[in-house]
Each structure stands twice: as structure tokens, then as C-alpha cells.
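Notes for the one structure printed next.
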Amino acid sequence: MLGSHHDKLMCFRALCCKGPPPARPEYDLVCIGLTGSGKTSLLSKLCSESPENVGSTTGFSIKAVPFQNAILNVKELGGANNIRKYWSRYYQGSQGVIFVLDSASSEDDLETARNELHSALQHPQLCTLPFLILANHQDKPAARSVQEIKKYFELEPLARGKRWILQPCSLDDMDVLKDSFSQLISLLEEKDHEAMRM
């Protein structure tokens, strides 16, 4: 008699106490881009914070951005002239890179963004990492298309053989933004599996 009661109890326990869900993997990313490219606003929106009263990031800030299948700890670096030269001090330990550019910016700023992206893609601590390049402010009339940006930034020859994703985005379209990050997470997972196989 005792046996069957015990079995029922075991059965009940197996049904209700599955234990905590498996921990989501966490990835450390660095987020770079010129001042005004919209890094802080995009990250705030992904964290469901209001991007209204966002000021420019001076120095750096860290945000944990939760997704269904991973948590991204994003170290966002300020994009001002005097801060950019220190970016590389913060690259260590990064597993991926988010580069945000303002696709509606002036030619000069676009040129600067291109140079910064090129140095990041070639930096010894970043060159093997997956890159998510976000062409932000697509909702502005002056925004350049992703094709124009790809050509202007010379991504094909420069980033060949690297893992990179170039996506249009704006604060108005969270679905596209989340999709871009899902693609980045897939690249991070692939890299993880490769490391395990080594």
C-alpha cells in the first residue's frame, strides 16, 4: 500500500517540480558607433526602458539586454571624438561587436564611421568576432539604403570571411531590431560550439 502512495508522490513531484529553467547563456558584447548614431536609444528600447530622456553616453555604460534564448551584457562606449581613441581599452573579453551608424548622417560623419568600423574590424581583439552592424535612423528622409551603406563602407572586400550582419533599423521598428539581434545570437552560439569542438 505504501508503495503506491510513494509512487503517486514521486509522479506528482516529477510533474510539478521541474526545477528552474536552464540558465540562458550570457554573452559579453561591446557596442560602438559615433555620438548621435542612436546606440543608447536602441539598447534602452530593447531593455523596454523609455528612450525619451536619453543623453549621450560619456565614457561607457553596461546594460544587460534580455532575449528569450540569451542575455547580452552590452558595454556601450561613448562615441565622442575624445572618447573614441580609448575604445580599444574596453575591447578585452568581448565575444561580439555591435556597431551602430546613423544612415542619415552627413558625409563627414559617415566617413568617420566608416574609418571607425574598419579599425574595429581589423582590431586584433575584435577581428575574429561576429559583428552586428546596424544602419540606424532608417525612418529619416535622408537615410541611405543598406545597399548604399554596404557599398560605401566597402564591407564585401573588407569583411570577407568574417561573420557580420548588416541590418537597417530604426526605433519605430522593434521587430526588425529584435530579429537582427536574434541573428547575432545565432552567430555567437555557433562560435561557442566551435570553441567547444576545439
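The values are calculated or read from the model by the stated rules, or taken from the named source; none is laboratory data. Please read all numbers here as calculations on a predicted model, not as lab measurements. Note: ideal-geometry Cβ built from the backbone for every residue, glycine included; neighbour counts use all protein chains shown. To get the accessible areas, we keep the full protein, side chains included, count just its heavy atoms, and leave off ligands, DNA and RNA. Shrake-Rupley method; radii C 1.70, N 1.55, O 1.52, S 1.80 Å.
Tabulated results
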| quantity | calculated |
| --- | --- |
| Scan of the stretch 70-102 for residues that are under 20 Å from D192 (Cα atoms) and either over 17 Å from the mean Cα position of the chain (by Cα) or open to solvent by 40 Å² or more (accessible area, probe 1.4 Å) (or both), ordered by number | K75, Q92, G93, Q95 |
| Residue in the stretch 16-32 that is buried (at least 16 other Cβ atoms within 10 Å of the Cβ) and at pLDDT below 70 present | no |
| When residues of the stretch 145-175 are limited to those that are closer than 23 Å to L43 by Cα, assigned to a loop (DSSP other than H, G, I, E, B) and open to solvent by 40 Å² or more (accessible area, probe 1.4 Å), the one modelled with the lowest pLDDT | R163 |
| Residue within the stretch 55-71 that is assigned to a loop (DSSP other than H, G, I, E, B) and basic (K, R) present | no |
| Set S105, S44: member being open to solvent by less than 40 Å² (accessible area, probe 1.4 Å) and assigned to a loop (DSSP other than H, G, I, E, B) | S105 |
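Conditions (1) assigned to a loop (DSSP other than H, G, I, E, B); (2) within 20 Å of I165 (Cβ to Cβ); (3) modelled with pLDDT of 95 or more; (4) basic (K, R), marked per residue:
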position	(1), (2), (3), (4)
I83	no, no, no, no
F99	no, yes, yes, no
D109	no, no, yes, no
L117	no, yes, yes, no
C127	yes, yes, no, no
I133	no, yes, yes, no
A142	yes, no, yes, no
